[in-house]
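Everything on this sheet refers to the single structure shown next.
Each value in this text was obtained by applying a stated rule to the coordinates, not by laboratory testing. Computed from a predicted structure; not experimentally measured. Virtual Cβ from ideal backbone geometry, glycine too; neighbours counted across all protein chains shown.
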Amino acid sequence: MKSITRDSAVARAVLLQDSPQRFILGIVGKPGVGKSTFTDYLRDQLSNELVAILPMDGFHMSNEKLIELGRRERKGAPDTFDVDDFAETLANVRDSHGVDIRFPIFNREIEASIPSAGLVSAGVKLVIVEGNYLLHDQSGWEAIATLLDESWFLSVDDDLRMERLIARHIEFGKSPEDAKAWSQGTDEVNAKLIQLTQPRADYEVKLD
């Protein structure tokens, strides 16, 4: 796996959007690393009509389903997503020709996904898929990596990542105490699992 800078990543993305066929790029990283910020930044540097962002978070199971399964307190773990639906959507995005593909978007303010809120339009050439477990190799997630043409693992200082993560939880309604407990508990368990997938990425992008 080769390490590249943010600028080098942008230069590569410019090339990828000009691929003769639709290209699916996976952006992976621990909670709080800045995946959404980075993918938005990439899109801003590219031709917007040729690029779409498809976040994994839209495929969270509903809170009602998680409560039924006894997984609500672990929301964000690999088994709290509908990985089969995610894989089917990615396969449709990869194989579709001349049709629009809709997908769900997760709304942090209501802690729920909104069906069909996202769009990969027919003319999009580069689809940036963003999420924690794109390179996970268990419980159905192994199908996801096969649907990506290339994957980048984002890295940042862990202290900074934790600081950002706690701040994000507070922003979306958790108390400072609950935000810290969730970040250092559930999120950190997930972060350690995600770190194990780093060697499977094609590139590491070092952020600051």
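Counting only DSSP beta bridges with both residues in the chain, what percent are antiparallel, rounded to the nearest 5?
Antiparallel: roughly 25 percent of the beta bridges in the chain.
Given charges of +1 on the Cβ of Lys and Arg and -1 on the Cβ of Asp and Glu, with all other atoms neutral, how large is the dipole of segment 20-64 about its Cα centre, in debye to the nearest 20?
For segment 20-64, the charge dipole is close to 200 debye.
For the charge dipole of the chain, defined by +1 on Lys and Arg C-beta atoms and -1 on Asp and Glu C-beta atoms about the Cα centroid, which residue among GLY173, SER116, VAL51 has the Cα displaced farthest towards the positive pole?
Checking the options against the dipole of the chain, the answer is VAL51.
Using only Cα atoms, what is the ratio of the radius of gyration of segment 12-93 to 2.2 N^0.38 Å?
After normalising by residue count via 2.2 N^0.38 Å, the value is 1.31.
Fewest to most neighbouring Cβ within 10 Å: what's the order for TRP152, TRP141?
Listing TRP152, TRP141 from fewest to most nearby Cβ atoms yields TRP141, TRP152.
Once both labels are modelled 7 Å past Cα along the beta-carbon direction, what's the LYS2-LEU193 spacing in nm?
Using points 7 Å along Cα→Cβ, the separation is 3.2 nm.
Could you size up the charge dipole of segment 102-151 around its Cα centre, putting +1 on the beta carbon of Lys and Arg and -1 on that of Asp and Glu, and report it in debye to the nearest 20?
260 debye
Tell me the net charge near GLU150. Cut-off is 12 Å between Cβ atoms, GLU150 excluded, with +1 for each Lys or Arg and -1 for each Asp or Glu.
With Lys, Arg at +1 and Asp, Glu at -1, the neighbours total +1.
Put +1 on the Cβ of each Lys and Arg and -1 on the Cβ of each Asp and Glu in the chain; which of MET1, HIS60, ALA191 then has its Cα farthest toward the positive end of the dipole?
The residue sitting farthest along the positive end of the dipole is MET1.
Treating the angle as unsigned and between 0 and 90°, give the value, to the nearest 10°, between the Cα long axis of helix 6-16 and the longest Cα principal axis of the chain.
Here the helix axis deviates by roughly 50 degrees.
Quick one: dipole size for segment 2-206, taken about the Cα centre, charges +1 on Lys/Arg Cβ and -1 on Asp/Glu Cβ, in debye to the nearest 20.
So the magnitude is around 260 debye.
Per residue, how much space in cubic angstrom lies within the convex hull of the C-alpha atoms of segment 55-152?
100 Å³
Looking only at segment 32-133, where both bridge partners belong to it, what percent of the DSSP beta bridges are antiparallel (to the nearest 5)?
60 percent
For the chain, place one equal point scatterer on every Cα, skip the solvent, and apply the Debye formula. What is log10 of I(q)/I(0) at q = 0.15 Å⁻¹?
Log-scaled intensity ratios, in q order: -0.96.
In degrees, nearest 10, range 0 to 90: what is the angle between the Cα axis of helix 35-45 and the longest Cα principal axis of the chain?
30 degrees
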